[in-house]
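Notes follow once the structure below has been shown.
Any read-out appearing in this document is the output of simple, stated calculations on the displayed coordinates, not a laboratory observation. This is a predicted model, so every value here is computed, not measured. Counting neighbours? That spans all protein chains shown, and the Cβs are built from the backbone with ideal geometry, glycine included.
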Amino acid sequence: MNALEDRLSRFSTPDLKPPVLPDADVAYALHDTAIGTLLLAVAHGRVVASSFGDEETITGRLARAVSPRVLRQPRALDAVRGELDEYLAGERQEFTVQVDLALATPFQQLVLSDLRTHTSYGATKSYGELAGEIDRPKAARAVGTALGANPVCVLLPCHRIIGSSGSLTGYAGGLDAKRYLLNLEKKRTRSA
Amino acid sequence: MVVMTVGLPPFQALVDAHWRDVARLARALAGPVDGDDVAQRAWEKAFAAYPGLTSAKNLRSWLLTITARCATDVHRARKPQRPLDDAPAVAVDGPDAAAWPDPNLWQAVNELPERQRYAITLKYVGDLDHHGVAAALDTTPAASRRLVSDALATLRRTLGVDA
């Protein structure tokens with residue numbers, strides 16, 4: 001590039017302003033909690049993600065599954081963030097925000113959609129027991145995989161499902177996070 | 001639910017990657033005051049049109065094309081407000097260059113014919129190739145090449161040999 005072209009390309013002015021955009025079809029925010037950073041996302045007023053996954057991966061999947069108009073708009077997450085904080089402070093046992101399993105496969109939806117009725121606050125259940133309750137008695141392993149892919153962690157309490165031996169087995173947010181949630185619920189149930 | 005087959009990235013990724021480029025191009029094309037308005041409009045248009053895109057290729061070029069068109073719209077909307085008798089000898093179509101970095105250069109750019117001014121701004125501030133410039137100006141890459149080389153020749157004459 002010669003001197004003139006170089007001068008043209010160096011054009012700059014200070015204080016550029018980022019755009020202000022309308023409400024996204026999918027609004028998301030990163031929320032730091034005691035169990036790690038959660039990517040929270042809502043679409044049409046329903047929670048479509050509460051995930052430990054990384055921003056690029058999860059927003060990419062939301063763009064494909066729901067709408068590519070995905071924007072970081074934290075205000076839209078106020079309700080779910082508030083309920084999560086209350087839950088993590090031990091001040092809430094049930095969530096009232098609606099959930100949408102747009103990121104789940106049909107089998108994952110089968111496993112996850114009624115998880116709240118199959119589990120209760122402060123109690124655990126084994127993968128095999130849950131498999132039996134949803135009429136897939138031989139599918140304990142597949143049920144475990146579906147729970148591991150839960151796109152709406154904590155709100156859909158996959159952390160309450162553990163190995164039949166009592167071992168915690170696994171959790172998207174790490175075993176420490178799972179242990180934290182189970183201890184939190186146990187403590188609150190005992191003190192209630 | 002609409003399942004996207006073209007695999008468009010989340011709009012936030014476009015904003016994060018390109019908002020500075022859009023803002024910079026908008027100011028270079030429309031000036032410091034109108035430029036921010038042009039950039040804002042361009043993003044609103046892009047946001048509205050985004051789900052209908054049939055290809056995820058050249059999204060940066062697509063955004064800068066929208067920005068150039070919004071700059072043209074603002075420019076056209078302003079024109080009738082200027083009484084012809086009062087038109088100054090020097091073109092006021094372009095941005096007010098006096099307050100900018102490298103004012104001599106940008107004053108000279110502003111005096112170029114409109115299409116040439118757009119072409120070199122898209123090429124060098126927008127960092128587009130001639131295909132991108134041509135798309136933004138609704139013309140051919142060959143025509144873009146001519147517009148840019150004519151503009152550079154004029155600028156060299158105006159600014160002196162070692163410009």
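Side notes on the structure shown:
- In a simple Cβ point-charge model (Lys, Arg +1; Asp, Glu -1; nothing else charged), the stretch A:118-190 has a dipole of about 220 debye relative to its Cα centre.
- Unit charges on C-beta of K, R, D, E only; dipole of the protein assembly as shown, Debye: 800
- The mean number of partner chain beta-carbon atoms within 10 angstrom of a residue's beta-carbon across peptide A:15-24 is 6.
- Restricting the GluC sites (Glu not before Pro) of the stretch A:79-172 to loop positions (DSSP other than H, G, I, E, B) with no more than 13 neighbouring Cβ atoms within 10 Å leaves A:Glu91, A:Glu94.
- Once both labels are positioned 7 Å from their Cα atoms along Cα-to-Cβ, the gap between B:Thr158 and A:Thr145 label points is 6.6 nm.
- Couplings 3J(HN,Hα) for the stretch B:38-47, derived from phi with the Karplus relation 6.51 cos²θ - 1.76 cosθ + 1.60 (θ = phi - 60°), are 4, 4, 4, 4, 4, 5, 5, 5, 4, 4 Hz, where x marks Gly and Pro.
- Sites A:Glu55 and A:Asp23, calculated FRET efficiency, Cβ-Cβ separation with R0 25 Å, nearest 0.05: 0.80
- A dipole drawn for chain A from +1 and -1 charges on Cβ atoms has a positive end, and of A:Leu155, A:Thr37, A:Leu130 the residue lying farthest that way is A:Leu130.
- FRET efficiency, 1/(1 + (r/R0)^6) with R0 35 Å, evaluated for B:His131 and A:Leu30 via beta carbons: 0.40
- Highest mean packing first, where packing is the average number of other Cβ atoms within 10 Å per residue, the peptides B:25-31, A:121-127 line up as B:25-31, A:121-127.
- For the stretch A:122-127, 3J(HN,Hα) per residue [Karplus equation, 6.51 cos²θ - 1.76 cosθ + 1.60, θ = phi - 60°, Hz, x = Gly/Pro]: x, 10, 10, 8, 8, 4
- Simple rule: put +1 on each Lys or Arg Cβ and -1 on each Asp or Glu Cβ in the protein assembly as shown, find the dipole, and look at A:Ser120, B:Ala143, A:Leu62; the Cα lying farthest toward the positive end is A:Ser120.
- Nearest 10 degrees, 0 to 90: helix A:175-191 Cα axis against chain A principal axis: 50
- Set of aspartates and glutamates with alpha-carbon distance to A:Lys138 below 15 Å, sequence-local pairs under 8 removed: A:Glu129
- From helices alone, chain A scores -11000 deg cm²/dmol at 222 nm; the rule is -39500 (n - 2.57) for each run of n ≥ 4 DSSP H residues, then divide by the residue total.
- For the pair A:Ser9 and A:Arg136 in one chain, pulling the backbone fully straight at 0.36 nm per residue adds 39.4 nm over the alpha carbon distance.
- Using a cutoff of 8 angstrom between alpha carbon atoms and counting only pairs six or more residues apart, the relative contact order for the stretch A:26-191 works out to 23 percent.
- Counting Cβ atoms of other protein chains within 10 Å of each residue's Cβ and taking the mean over peptide B:9-19 gives 6.
- Cβ charges +1 (Lys, Arg) and -1 (Asp, Glu), total dipole of the stretch A:26-191, debye: 240
- For the stretch B:24-35, Karplus couplings with θ = phi - 60° (6.51, -1.76, 1.60), whole Hz, Gly/Pro x: 5, 4, 4, 5, 5, 7, 10, x, x, 8, 5, x
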